[in-house]
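Trainee: Below is one structure. I have some questions about it.
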Amino acid sequence: MHILLTGGTGLIGRRLCRHWSLAGHRLTVLSRRPERVAALCGESVRGIAGFDELADEPLDAVVNLAGEPIAERPWTPRRKALLWDSRVRLTERLVEWLETRAQRPAVLISGSAVGWYGDAGERPLDESSAAAGEDFASELCLAWEQIAVEAEALGIRVVRLRTGLVLAPEGGFLKRMLPAFRAGLGGKLGSGRQWMPWVHIEDIVGLIDFLLHQPAASGPYNACAPQPVRNRDFTQALGQALHRPTLLGVPAFALRMLLGELAVLLLGGQRVHPKRLLEAGFVFRYNDFPAALADVLRHR
Ligand SMILES: NC(=O)c1ccc[n+]([C@@H]2O[C@H](COP(=O)([O-])OP(=O)(O)OC[C@H]3O[C@@H](n4cnc5c(N)ncnc54)[C@H](OP(=O)(O)O)[C@@H]3O)[C@@H](O)[C@H]2O)c1
């Protein structure tokens, strides 16, 4: 298969490239720095700076994961524009380009996040649930998915991945939290009751590969383990794994003062169930949060 990835140099993308290179697929990665793609994604992976470089080379699948990191800085108007352009506009350009092609890929697997649902509190969510929130992250995911769905009119099967927090040794949110927890400065955020859907990096790679190979798979899929944890349980598990106290919580008002609108990502939550993946027969390797955490920490 020839697979085009956007965001292929990222946390999930690099793992996918490794997995699919070993499986013998031909990979192309769209990147702002195509000269770094081979070093990051593997020697055999080709980097391109624009879709047109592929001209009319046959393409079997597109995996669309590009996006400016959402939780790294407060959402100033400039930051919001960057977050929007790097997902919604880029996906728009991708769909426009697919429309111009004589030969089109069979499938587009496109990124989204559990933030699509907004802050849903205690309400159990599956893929048939409505979006609850009106925060920026939810609006962003709604627009991102809406553009991707437009590829269906081109005869392309479109899968939308509502990803939870990815647990990986080499990056992502865990890597950002570890220094504070290691220093004994970790603690729950706000009430600590908010749900945190999570997924082990091996499972996200496994489920994307699974959805690629399921001809009947289309529409939204919650890409997170069957058992989300509350923030306080996440905090306790991480403290225990590192043998550190976790008594220093951060009150909600302080997070709101410090981070502004972005605080909704930390204080809000989604009690998400991966109903459609389980119904399709996908088996998660990591269901239990402390076991997944122990595995990831072992590989750091
Ligand atoms: N990791 C998670 O916990 C998680 C959870 C939910 C949803 N997601 C979503 O899943 C996708 C992949 O996640 P990830 O963790 O692998 O992401 P990541 O490590 O942050 O990588 C994203 C990639 O997007 C590209 N990118 C970044 N800023 C860009 C910009 N301004 N314009 C164009 N491209 C840009 C970069 O590729 P180049 O530098 O090569 O251009 C980067 O490698 C993201 O869109 C993310 O929002 C991730």
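Trainee: Which is the longest stretch in the chain that no exposed loop site breaks, taking sites as GluC sites (Glu not before Pro) with a DSSP loop state and at most 16 other Cβ atoms within 10 Å?
Mentor: Within the chain, the longest run free of exposed GluC sites (Glu not before Pro) spans 171-300.
Trainee: List every residue whose amide H lies under 5 Å from the amide H of Ser112, counting only residues 5 or more places away in sequence or on a different chain, with H placed 1.01 Å from N in the peptide plane.
Mentor: Leu161, Thr163
Trainee: Quick check on the chain: helices-only [θ] at 222 nm, where DSSP H runs of length 4 and up contribute -39,500 (n - 2.57) each and the sum goes over total residues. Nearest 500, please.
Mentor: It comes out at -11000 deg cm²/dmol, rounded to the nearest 500.
Trainee: Something else now. Can you give the charge dipole size of the chain about its Cα centre, rounded to the nearest 20 debye, using +1 on the beta carbon of Lys and Arg and -1 on the beta carbon of Asp and Glu?
Mentor: 1140
Trainee: Let me ask you something else. Let a ≥ b ≥ c be the square roots of the eigenvalues of the Cα gyration tensor of the range 208-266; is it rounded (a/c under 1.5), or, if not, prolate (a/b larger than b/c) or oblate?
Mentor: Oblate, because a/c is 1.5 or more while a/b does not exceed b/c.
Trainee: Averaged per residue, what accessible area in Å² does the chain show with a 1.4 Å probe, protein chains only?
Mentor: 45
Trainee: Run through the DSSP bridge list for the chain and note the antiparallel percent, rounded to the nearest 5.
Mentor: Around 5 percent of the beta bridges assigned by DSSP in the chain are antiparallel ones.
Trainee: In whole Å, how far is the Cα centre of the range 68-147 from that of the range 209-225?
Mentor: 17
Trainee: Another one. Suppose a student asked you for the relative contact order of the range 60-298, using Cα pairs under 8 Å spaced at least 6 residues apart; what percent would you report?
Mentor: Dividing the mean separation by the residue count of the range 60-298 yields 25 percent.
Trainee: Once you measure Cβ to Cβ distances between cysteines in the chain, which Cys have no partner under 4.7 Å?
Mentor: Cysteines lacking a close Cβ partner in the chain: Cys141, Cys224.
Trainee: Carbon-plus-sulfur fraction of the accessible area of the chain, 1.4 Å probe, in percent?
Mentor: 54
Trainee: Right, another one. Treating the angle as unsigned and between 0 and 90°, give the value, to the nearest 10°, between the Cα long axis of helix 231-242 and the longest Cα principal axis of the chain.
Mentor: Tilt relative to the chain: about 90 degrees.
The values are calculated or read from the model by the stated rules, or taken from the named source; none is laboratory data. Model, not experiment: these values are computed from the prediction. Every residue, glycine among them, receives a Cβ derived from its backbone with ideal geometry; neighbour counts consider all protein chains shown. Note: accessible area is taken over every heavy atom of the protein model, side chains too, but ligands, DNA and RNA are not part of it. Shrake-Rupley method; radii C 1.70, N 1.55, O 1.52, S 1.80 Å.
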